[in-house]
Each structure stands twice: as structure tokens, then as C-alpha cells.
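K.L.:
For reference, the structure I am asking about is given below.
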């Protein structure tokens with residue numbers, strides 16, 4: 001009887017502990033998605049408010065009259081501002097100002113490159129007939145028999161397509177758990193297997209690292225799809241004012257986003273350099289110590305002036321003598337001499353006039369035969385792998401998307417690479433955009449083919465108008 005009672009008590013304890021464990025797991029499953037979503041939304045709203053609220057005049061800022069902050073004020077200001085800008089650019093004066101500002105931006109050396117590819121990406125993504133990121137596919141990656149989820153960003157055109165024998169598709173293979181970075185690959189059309197899932201379901205599959213199966217994702221999102229269909233049906237019965245406002249909003253985004261991102265990047269670089277250089281400027285020589293305001297760009301100016309002055313001084317006998325003495329002192333230090341030697345060799349190689357590092361864009365098969373990727377030529381690798389392979393090889397840097405500053409260094413046989421006629425800038429644009437932006441074929445004898453291809457594309461999208469033109473048409477119909 002005692003043994004039976006003990007067993008019963010143990011079972012009750014186990015069942016009670018199991019129930020507690022189930023309750024804990026249920027609590028996590030209920031609260032974690034809501035908490036993470038609200039946390040991310042709050043972080044985004046706070047970030048936007050911190051960037052926009054200081055720019056609002058005090059007379060127009062409700063927080064100036066209220067004893068508390070207004071969360072989401074910056075987001076509301078951005079939505080209203082983009083809609084107003086889209087409305088204004090639909091007229092003649094707005095277009096004139098847009099052309100004038102573009103003309104000024106295109107004259108700036110570095111800024112024009114960033115602005116051009118940013119604008120091209122936004123125009124392609126926001127286009128009605130854009131096929132970027134609208135299909136989820138399965139491709140063999142990184143080798144035969146191994147599979148990965150990817151997203152179609154477009155059909156390969158131009159020189160990349162003409163070099164390959166098969167019809168290839170631009171496929172972006174994302175990383176886990178951050179799907180905003182990955183690799184741009186050119187996969188033959190017959191090797192691309194289309195999946196019966198939405199892009200949102202594919203992103204969920206990637207982020208969860210396969211924990212959520214496609215069937216589970218479909219089951220979880222079916223309710224969301226039904227709700228979205230009901231909302232779309234209700235929206236279709238609403239008056240045309242909402243549609244016009246939405247068109248104005250996207251038009252404002254298309255106008256301001258490229259310029260805003262370009263100048264934001266330039267401003268961040270200037271501020272970063274200023275913060276590095278300002279502490280080393282003596283108070284007597286710092287003009288900001290005499291002025292009631294800061295001078296943006298003073299650090300960049302001082303660096304430019306200092307490097308020019310150092311280059312001038314080292315061109316003489318005294319400068320060369322001091323340089324040799326300093327190099328001898330560095331060579332006597334155990335660890336520093338190794339670092340200095342490596343850095344000096346890299347800098348001299350990059351800045352040499354005859355250096356051809358990052359001067360060519362190459363196409364090679366990666367990560368398996370039949371799959372192609374873009375890379376940048378960085379030099380010869382014969383000495384490095386001569387004892388291993390008899391083939392003449394080159395150093396190829398394979399960049400990641402959308403951050404081309406990271407990637408892999410590969411040693412590829414020269415016979416298996418094809419040098420493309422596109423510039424390095426065009427290759428970077430294609431990598432950063434994930435294949436959305438495709439450069440033209442600049443090879444001699446292909447101008448006629450390019451013109452025919454452009455004419456065919458214009459004929460295919462003749463019914464598709466820009467967002468600004470849609471706004472104008474809606475305005476005319478309403479009048």
C-alpha cells in the first residue's frame with residue numbers, strides 16, 4: 001500500500017511539473033512574438049522620432065506646449081511630408097525643381113554615383129511591373145544535392161546573359177537569421193524550382209532557420225491572408241482620394257529617398273571624420289572655439305590639407321630623410337614592424353599607378369558548375385598556389401549582397417573566368433541591388449542588340465506608368 005501511495009504521489013508531482021512546464025512554454029509562445037514585435041516597432045518609431053523631431057520648428061512642435069513627448073510624431077511628419085512632396089512633384093514647378101536638384105547632385109564626384117544607383121533601385125522596386133522579390137524558389141546550393149531557399153530579383157540581361165549558354169535568372173540567396181544579406185547568383189532557368197509560398201512565408205522560413213516548416217507557416221498565415229483579403233475588399237469600395245494620397249506618398253518616397261539616403265551617407269561620413277579629428281586640433285587653431293556654432297566638414301578639410309602637406313614635405317630631401325629614420329625605428333619594434341610592413345605593402349599596391357586591383361569585373365561559376373556569380377579581380381595568385389595547382393589562377397573577391405565590403409577571397413583558374421566589359425561601379429550597383437539593377441552590354445557590336453532589347457522592354461511596359469503620372473491621371477479624372 002505504501003509503494004502504491006508513493007507511486008501515486010510521484011505521478012502527481014510529475015504531472016504537476018509537466019503542467020507547469022507546459023504553462024511556461026505556452027506563456028513564452030504567447031508573449032514572445034507580441035513582445036518582440038512591439039519592441040521592434042517601438043525602436044523604429046523612437047529612431048525616426050529622434051531623427052525628425054529636432055528638425056521640427058518649436059512653434060509647430062506639439063511637444064513644445066505639452067508636458068510629455070508624443071511618440072510617433074516623427075513618423076507622422078514623414079508620412080505627411082512625403083505625401084505633400086509627391087503632390088507637389090506632380091506639377092510643372094515640382095518637376096523643374098526636381099530636374100535642377102538632380103543636375104546639382106550629378107555634378108558631385110562621389111555623391112552622384114551613390115545617388116544614381118539608389119534612384120535606379122527605388123524606381124525598379126516601386127515599378128508596377130517589377131518582378132523583384134515576388135517569387136520564392138529552391139536552388140541547388142552550394143553544390144549538387146544541397147538545396148537552399150532564394151528569391152527571384154529579375155531575369156538576367158545584358159552581358160552576363162550573353163556570356164552564359166543557358167537562360168539564367170537572378171536569384172538572391174539570403175543568410176540566416178538576417179535575410180537582408182546574402183549572395184547574388186545567376187542560376188539556369190531549368191535549375192530554378194518555384195515554391196508554392198509567398199515571399200513573406202519564405203522570409204519566415206529563412207529567419208526561423210527551418211524550425212517552421214512550410215505547412216506550419218501556411219497554417220499560421222492563413223488567418224492573416226483572410227484578413228488582408230477582407231481589408232482589400234473594403235479598400236476597393238473606398239473613394240479615390242485614398243488611392244491618390246497613396247500615389248502621392250509613393251511619389252514622394254521615390255523623389256526624396258535617393259537624395260535623402262545619398263546625403264545621409266555623406267553627412268554620416270563627414271560627422272564620423274569630424275569626431276575623429278576635432279579632439280586633435282589645438283584650441284588656438286580651431287575656428288569653432290571662436291564661433292558660436294560648429295563647422296561641419298572641418299575634420300575632412302584638415303585631413304585633406306594635412307595629407308597634401310605631408311606629401312609635399314616628403315618629396316624633398318629633409319622629408320625623405322625623416323621618413324627613412326621613422327621607418328628604421330618602426331622596423332626595430334617586434335610586433336609593430338610586422339603590422340607596418342603589411343599595411344604599407346597593401347597601401348602601396350592599391351595606390352600604385354600600374355595596380356589593377358579592383359579594376360575588372362569577372363564572371364565565374366560559383367558555388368557549383370552551372371551557377372554563376374560576379375566577382376572583382378584583385379591580382380595574380382600563381383605564386384600562392386603554384387605548388388598545388390598547375391593552372392594559371394587569379395585572385396577574385398566575391399562580395400556579399402547588399403554589403404559589397406564583405407565576402408570571400410577565392411583563387412579561380414583564369415581559364416574559368418570571363419572578364420566583363422562593365423565597370424567596377426556598375427558591378428557594385430548590380431551586387432548591392434541584388435540583381436535588380438542590370439547594366440547594359442557595352443561590348444563593341446552589341447549596341448544594336450541593346451537597342452532592340454530596350455525597345456522590346458519599352459513595348460512590354462508601355463501600359464505601366466510611373467507613380468507620379470498615376471497621381472496626375474487620378475487628379476485629372478477627379479477634376
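K.L.:
(1) at pLDDT below 85; (2) surrounded by 17 or more Cβ atoms within 10 Å (Cβ to Cβ): which one isn't true of residue 422, the others all being true?
P.N.:
Exception for residue 422: condition (1).
K.L.:
Please go through the stretch 13-61 and pick out each residue that is modelled with pLDDT of 80 or more and farther than 20 Å from residue 71 by Cβ.
P.N.:
Of everything in the stretch 13-61, just one residue is modelled with pLDDT of 80 or more and farther than 20 Å from residue 71 by Cβ, namely 59.
K.L.:
Let me ask you something else. Output the residues belonging to the stretch 305-330 that are surrounded by 11 or more Cβ atoms within 10 Å (Cβ to Cβ) and closer than 20 Å to residue 280 by Cα.
P.N.:
Within the stretch 305-330, 306, 310 qualify.
K.L.:
Another question about this same structure. For the condition in contact with a helix residue (DSSP H, G or I) (Cβ under 7 Å, 6 or more places away or on another chain), part of a loop (DSSP other than H, G, I, E, B) and either at pLDDT 80 or above or in the same structural domain as residue 156 (by TED's automatic domain parsing) (or both), what is the one hit in 355, 359? It would help to see each step written out before you state the result.
P.N.:
Numbers: 355 fails: either at pLDDT 80 or above or in the same structural domain as residue 156 (by TED's automatic domain parsing) (or both).
Step by step, each of 355, 359 is checked, and only 359 is in contact with a helix residue (DSSP H, G or I) (Cβ under 7 Å, 6 or more places away or on another chain), part of a loop (DSSP other than H, G, I, E, B) and either at pLDDT 80 or above or in the same structural domain as residue 156 (by TED's automatic domain parsing) (or both).
K.L.:
Please enumerate the residues belonging to the stretch 176-194 that are in contact with a helix residue (DSSP H, G or I) (Cβ under 7 Å, 6 or more places away or on another chain) and in contact (Cβ under 8 Å) with a residue 40 or more places away in the chain. Quick ask: steps written out before the conclusion?
P.N.:
Just the residues of the stretch 176-194 that are in contact with a helix residue (DSSP H, G or I) (Cβ under 7 Å, 6 or more places away or on another chain), to begin with: 176-177, 179, 184, 186.
Within the stretch 176-194, 184, 186 meet the criteria.
K.L.:
Scan (1) under 18 Å from residue 370 (Cα atoms); (2) surrounded by fewer than 22 Cβ atoms within 10 Å (Cβ to Cβ) for the single condition residue 178 breaks and write down its number.
P.N.:
(1)
The values are calculated or read from the model by the stated rules, or taken from the named source; none is laboratory data. This one's a predicted model, so the numbers in the text were calculated from it and none came from an experiment. All Cβ positions, glycine included, derive from the backbone under ideal geometry; neighbour counts span all protein chains shown.
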